[in-house]
Amino acid sequence: VDLDTAKQELEEFIPHVRNIADSSIRKMAGRDLTRFKQFKRQGIAVKFGRFSQKENNQIRKNVEEFLAITGIDSAEKLLFTSRYPEEKGTISRLKAEHLFCEKISEGIPRPWRLIYYRARKMFDPNNYKGRYSREEKEKLKKYHALYGNDWKKIAGMMSRSNLSVAMKYSEIKSAINYGPWSKEEIQKLMNAMEEVIRKRLEDTNPLTSSGKSSRDLLIDREKLFQKFPWTEIEAKVGTRYWRQCKQKWNTILRNKMTKGQQLYRGTKALQAKINLIKRLYEMGVEDANEVNWEELSNTIGDVPREYVQAKFYKLKVTCVPFWQKKTFS
């Protein structure tokens, strides 16, 4: 399939496909297009976002079956072949012969690349090693000074996952302020958010926002909750970690939407918890990823969905013993 045809056919399943690099589109045309069409015939839509427990179980099943077929003796060797240079040739040959790409994504209506990354995260023994010690943080700074953003190399030297070392370095690379936000910091955050939102609008429709002042910038409220490049915003703020920036932005949105009212205090908080539990029960979903948090926002008031999610998470962790071992329902 030529590139233009691939873009056109993939756009039915991935609306933002034209923003993806051409090399990635070619790979998706080979690995995903036939699968997507099969799922469509079955009435199953292509999914994005957080993986459900059912999908995680399917990945485990696919990996275990592939190991049984090939005789490869561990998921780490299968998914992190470069860690085993002496066996790399044999493992790569087995993966090619037994159609690794097709097998690993069987029964999961998502792009292959996302399934592969999820499997690597689930089966990486370096991914769950607890807090970083002071010595590890110093090593991380030293390795970054030598190798830059080569997270794969640094992860191998520290026996941590790529994602773990990248996120930890983002957190420790500069002096982070953990106290109350100053007016200057809040203004920097607001300026950074406006810059990112304005750029996004201009990329979508150059005629709508170019040349307009801050006061003229009108956008749909939903766009204030969309995924943002938080590490980029962190760099613009300078004194706060990306997660702090995200939390502060959601706090600002909540205060604007509620006009500063305290919606989650005293008896109001008790009623909000009751309403939230009732509404979740009425939805009858089997997995947290099936919850439409937008629909639940008004159980507490006119607030961002992240606020409701955070309140539910706190409620679950503090009130449900052994919640990690229970199904969502």
Original post:
How many residues are within 14 Å of Val46 (Cβ to Cβ), open to solvent by 40 Å² or more (accessible area, probe 1.4 Å) and part of a helix (DSSP H, G or I) if we restrict to the range 1-23?
Top reply: 2
**OP:** Starting from residues that are part of a loop (DSSP other than H, G, I, E, B) and surrounded by fewer than 16 Cβ atoms within 10 Å (Cβ to Cβ), keep the ones in the range 65-87 and report whichever is nearest to the chain's Cα centre (by Cα).
**Re:** Ser74
Original post:
Restricting to helices (runs of 4 or more DSSP H) lying wholly in the range 234-329: which have 2 or more residues that are modelled with pLDDT under 85, closer than 24 Å to Glu195 by Cα and in the same structural domain as Asn191 (by the TED database)?
Top reply: 242-258
Original post:
Taking only pairs six or more apart or across chains, which ones have beta-carbon atoms under 9 Å, a first residue in the range 225-247 that is closer than 23 Å to Val303 by Cβ, and a second residue that is open to solvent by 30 Å² or more (accessible area, probe 1.4 Å) and of a type in the set (Gly, Ala, Ser)?
Top reply: Trp242/Ala235; Gln247/Ala310
**OP:** Quick one: Arg93 ticks every box in (1) touching a residue at least 12 places away in the same chain (Cβ under 8 Å); (2) open to solvent by 20 Å² or more (accessible area, probe 1.4 Å) except a single one, so which number is it?
**Re:** (1)
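Yes or no, residue by residue, for (1) open to solvent by less than 80 Å² (accessible area, probe 1.4 Å); (2) modelled with pLDDT under 70:
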residue	(1), (2)
Ser164	yes, no
Tyr178	no, no
Ile186	yes, no
Glu195	no, no
Leu201	yes, no
Leu207	no, yes
Gly211	no, yes
Arg221	no, yes
**OP:** Could you please find all residues in the range 146-184 being assigned to a loop (DSSP other than H, G, I, E, B), among the small types (Gly, Ala, Ser) and within 19 Å of Arg243 (Cα to Cα)?
**Re:** Ser174, Ala175, Gly179, Ser182
Subject >> Options Lys95, Lys137; residue that is more than 28 Å from His16 (Cβ to Cβ), assigned to a helix (DSSP H, G or I), within 26 Å of the chain's Cα centre (by Cα) and among the basic types (Lys, Arg) >> reply: Lys137
Original post:
In the range 269-290, is there at least one residue being of a type in the set (Lys, Arg) and closer than 30 Å to Glu185 by Cβ?
Top reply: no
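Please state which one of Ala155, Ala145, Ala119 is among the hydrophobic types (A, V, I, L, M, F, W, C) and farther than 30 Å from Val63 by Cβ. Break it down into steps so the answer makes sense when it comes.
Numbers: Ala155 fails: farther than 30 Å from Val63 by Cβ; Ala119 fails: farther than 30 Å from Val63 by Cβ.
Just a single option satisfies the conditions, and that option is Ala145.
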Subject >> Unique residue being open to solvent by 20 Å² or more (accessible area, probe 1.4 Å), assigned to a helix (DSSP H, G or I) and closer than 24 Å to Asn289 by Cβ when the list is Lys54, Lys27 >> reply: Lys54
**OP:** Please determine, by comparing only the residues of the range 113-151 that are within 24 Å of Gly30 (Cβ to Cβ) and without any contact (Cβ under 8 Å) to a residue 40 or more places away in the chain, which one is least open to solvent (accessible area, probe 1.4 Å).
**Re:** Tyr116
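The values are calculated or read from the model by the stated rules, or taken from the named source; none is laboratory data. Computed from a predicted model, the values in this text were never measured in an experiment. Cβ: placed from backbone, ideal geometry, glycine included. Neighbour counts: every protein chain shown. Each accessible area value is taken on the protein alone, full model and side chains, heavy atoms only, with ligands, DNA and RNA left out. Shrake-Rupley method; radii C 1.70, N 1.55, O 1.52, S 1.80 Å.
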